[in-house]
Amino acid sequence: MNDLKVYRVWDTCIRWFHWINFGCVMVLLAVGVVILNAKALGVTNDGKILLKTVHVWIGYVFVMNLLWRLLWAFLGGPHARWSAILPGGRGYIDEVRRYLIGLRSGQTPEYLGHNPLGRIAITLLLILLCIQGATGLFLAGTDLFYPPFGSLIAGWVAASGVEPATLVPYAPQMYDEAAFDAMRDFRKPFITVHYYGFFTLLAVALIHILAVVVAELRDGGSLVSAMISGNKVLKGPPVDQIPID
């Protein structure tokens, strides 16, 4: 029987990113659900503005946190870098094959970082997060005239004689009708992507949480605690790095 051994895996930046991202996504999803059902819930225009304002400000935190994680993939430790996140590279297909065989036999290889299937899941999550962040920033400009695109949108739709910087949401008397309609047509693809990205991200996040729970119960591992302490407890030697106490 192998002795349990503790390995230092996740650095402080990775752990902070993970929990800030988790909190932001949960709040954004919750507020997003209310915004999507605002009419059915009888939310007034002022209420919609408040909800969207909260959504946008949490979105700024979300985007800044995500950008830092993308940068840290160039600067961080071995398990934080792109080479440890993105699927592919020499021997990756063989790794996937061995891991799937291990899943079927109940004896999966142990990894300090992400296992081969986990790398696919993390990459998909990062892509979805980037898509939601990018489209959300654009929509913040069309809905509330917030940065980084708000001034451009305001300059586009402001009625003659109205200072773009003074525009407020839900004030059609301040907008040029034709320009506003054109802007709304232009933003439709962004809304569509953000809308379906919302549900896709929700589904992937739930699958991710379920996979973590199953792995914890199956292996008696330390996935969750590792993202708090930075330390991972393994039953045997990891296959992705020389063991370090």
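Our helix-only sum for the chain, with -39,500 (n - 2.57) per DSSP H run of n ≥ 4 divided by its residues, gives a mean residue ellipticity at 222 nm of -22500 deg cm²/dmol. The dipole here belongs to the range 124-245: it is taken about the Cα centre, uses +1 on the Cβ of Lys and Arg and -1 on the Cβ of Asp and Glu, and is about 360 debye.
Under the convention that each Lys and Arg Cβ holds +1 and each Asp and Glu Cβ holds -1, the size of the dipole of the range 137-194 around its Cα centre is about 200 debye. Taking every alpha-carbon pair under 8 Å whose residues sit at least 6 apart, the chain reaches a relative contact order of 30 percent.
Counting only pairs 8 or more residues apart or on different chains, how many lysine pairs in the range 5-234 have their Cα atoms under 18 Å apart?
Details: K5/K232; K39/K48; K39/K52; K52/K188.
Close lysine pairs under the 18 Å cut-off: 4.
Each Lys and Arg contributes +1 and each Asp and Glu -1, all at the Cβ; summed about the Cα centre of the range 5-234, the dipole is approximately 940 debye. Computed from phi, the 3J(HN,Hα) profile of the range 109-114 under the Karplus parametrisation 6.51, -1.76, 1.60 (θ = phi - 60°) reads x, 9, 10, 6, x, 7 Hz, with x in place of Gly and Pro. Between D94 and L50, the simple label model (points 7 Å from Cα in the Cβ direction) yields a spacing of 6.1 nm. Other residues with beta-carbon under 15 Å from the beta-carbon of P78 carry, at +1 per Lys or Arg and -1 per Asp or Glu, a net charge of +2. Along the range 55-72 the Karplus relation, 6.51 cos²θ - 1.76 cosθ + 1.60 evaluated at θ = phi - 60°, assigns HN-Hα couplings of 4, 5, 5, 5, x, 4, 4, 4, 5, 4, 5, 5, 4, 5, 5, 5, 5, 5 Hz to successive residues, with x for each Gly and Pro.
For the range 154-245, chymotrypsin sites (Phe, Trp or Tyr not before Pro) meeting the loop criterion (DSSP other than H, G, I, E, B) and having at most 15 other Cβ atoms within 10 Å: Y170. Amide H to amide H, with H built 1.01 Å from N, Y175 comes under 5 Å of A159, counting only residues 5 or more places away or on other chains. The residue among Y196, Y175, A215 whose Cα reaches farthest toward the positive pole of the charge dipole of the range 165-223, with charges on the beta-carbon of Lys, Arg, Asp and Glu, is A215.
None of the figures in this text is laboratory data; all of them are computed from the coordinates on show. This structure is a prediction, so every number in the text was calculated from the model and none was measured. Virtual Cβ from ideal backbone geometry, glycine too; neighbours counted across all protein chains shown.
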